[in-house]
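Contents: one structure, followed by commentary.
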Amino acid sequence: MARNQEKAMSLLGRWYTYQKELENPGGPKKRPYLASHCNNLKAAEKWRTQIMKEIGKKVSQIQNAGLGEFRIRDLNDEINKLIREKAHWQDRIIELDGPNYHKIGPKMLDREGKELPGNRGYKYFGAAKDLPGVRELFEEEPAKGPRKTRGDLMKDIDAYYYGYLDDDDGLLMELEKEVEKKARALAVEEWRLKKEAGEIDKELEEQEKQEREEEEERERERIRERMEDEGEPDTEKPPAARSAPLDIPSQQDVELELLRKKKMELLLKYASDDLQKSSENAKTLLGRGLNF
């Protein structure tokens with residue numbers, strides 16, 4: 001231990017240390033983590049030059065596409081990190097009254113990188129441009145054609161656009177015939193199945209029954225209205241006559257009247273003229289007449 005101290009204190013040792021300081025005036029051999037920690041202009045320029053050499057070395061390495069996707073991505077990240085660090089050292093050199101390398105410095109390495117649209121600051125170098133997911137982003141979109149105006153759109157609108165001439169070629173009619181034929185066959189088959197199951201007769205009976213009930217209801221309404229009109233008091237009669245109660249027919253009278261009308265309709269429909277005349281003569285002799 002004492003021997004080493006003696007060497008350091010000797011004249012030759014002091015001269016050797018002095019020579020090292022002249023060769024490396026910037027201080028330590030390791031580059032400071034922050035550019036603001038360096039207060040020597042020559043040291044700052046030295047560290048900037050060192051960073052540029054590292055960038056050039058890594059840019060040369062990333063040109064090899066056989067390195068693999070992960071190694072290429074790591075190299076690209078390291079290059080971008082060194083570019084940002086170089087910018088910090090250039091700012092520090094300006095603060096130390098040095099030259100402005102942002103303006104006068106070479107930009108060959110920066111030009112080799114390519115930025116993505118909308119992602120300013122991060123560049124892709126060499127084989128990183130052909131990585132999966134990156135190549136598609138650099139592909140240029142096809143140029144869009146000029147936008148059509150309203151007048152250009154209206155030029156293509158004619159009778160065909162509105163479908164006025166769709167039936168002229170006869171194709172639509174043929175298609176409609178085929179569809180109609182299929183629909184008709186389907187309806188006939190459905191009717192046949194219902195007929196075999198006895199559902200058609202039931203439906204017809206229900207329909208006829210409903211029609212008879214509706215007709216009877218309408219006939220009742222007409223009879224009620226007619227009887228009400230006949231039973232209305234005359235304005236020329238005295239007040240005592242007008243205040244007399246109306247003779248409103250009962251439900252049984254209405255049904256009898258309906259039955260009579262039904263009989264008359266059947267008689268007029270199915271009976272011959274001779275039979276009708278004989279029936280009228282018989283009723284006249286009996287004193288009933290056609291209307292009782």
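The values are calculated or read from the model by the stated rules, or taken from the named source; none is laboratory data. Just so it is clear, the structure is predicted and the values come from calculations on it, not from any experiment. Counting neighbours? That spans all protein chains shown, and the Cβs are built from the backbone with ideal geometry, glycine included. Heads up: the accessible areas ignore ligands, DNA and RNA and are worked out on the full protein's heavy atoms, side chains in. Shrake-Rupley method; radii C 1.70, N 1.55, O 1.52, S 1.80 Å.
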Exercise. Residues in the stretch 39-55 that are open to solvent by 20 Å² or more (accessible area, probe 1.4 Å) and either assigned to a helix (DSSP H, G or I) or aromatic (Phe, Trp, Tyr) (or both): how many?
Worked result: 9
Exercise. For the stretch 133-217, list the helices (runs of 4 or more DSSP H) that sit wholly inside it and hold at least 3 residues that are open to solvent by less than 100 Å² (accessible area, probe 1.4 Å) and of a type in the set (Gly, Ala, Ser); which are they?
Worked result: 171-197
Exercise. Within the stretch 129-143, can one find any residue that is free of Cβ contacts under 8 Å to residues at least 60 places away in the same chain and more than 30 Å from LEU75 (Cα to Cα)?
Worked result: yes
Seminar exercise, completed: Here the qualifying pairs (Cβ atoms under 6 Å; residues six or more apart or on different chains; first in the stretch 200-220 and over 21 Å from LEU258 (Cβ atoms) and free of Cβ contacts under 8 Å to residues at least 12 places away in the same chain; second open to solvent by less than 100 Å² (accessible area, probe 1.4 Å) and of a type in the set (D, E, K, R)) come out as ILE200/LYS194
For this session: Taking the residues in the stretch 87-101 that are open to solvent by 20 Å² or more (accessible area, probe 1.4 Å) and not in a loop (DSSP other than H, G, I, E, B) as candidates, determine which candidate is farthest from VAL134 (Cα to Cα).
Result: GLU95
Exercise. When the stretch 6-58 is examined, which residues are found to be modelled with pLDDT of 70 or more, among the aromatic types (Phe, Trp, Tyr) and over 25 Å from LEU82 (Cβ atoms)?
Worked result: TRP15, TYR16
Exercise. Can ARG3 be described as surrounded by 12 or more Cβ atoms within 10 Å (Cβ to Cβ), modelled with pLDDT under 90 and among the basic types (Lys, Arg)?
Worked result: no
Exercise. Using beta carbons and a limit of 6 Å, which pairs, at least six apart or on different chains, have the first residue in the stretch 147-161 and of a type outside the set (Phe, Trp, Tyr) and the second one open to solvent by less than 100 Å² (accessible area, probe 1.4 Å) and part of a loop (DSSP other than H, G, I, E, B)?
Worked result: ALA159/LEU165
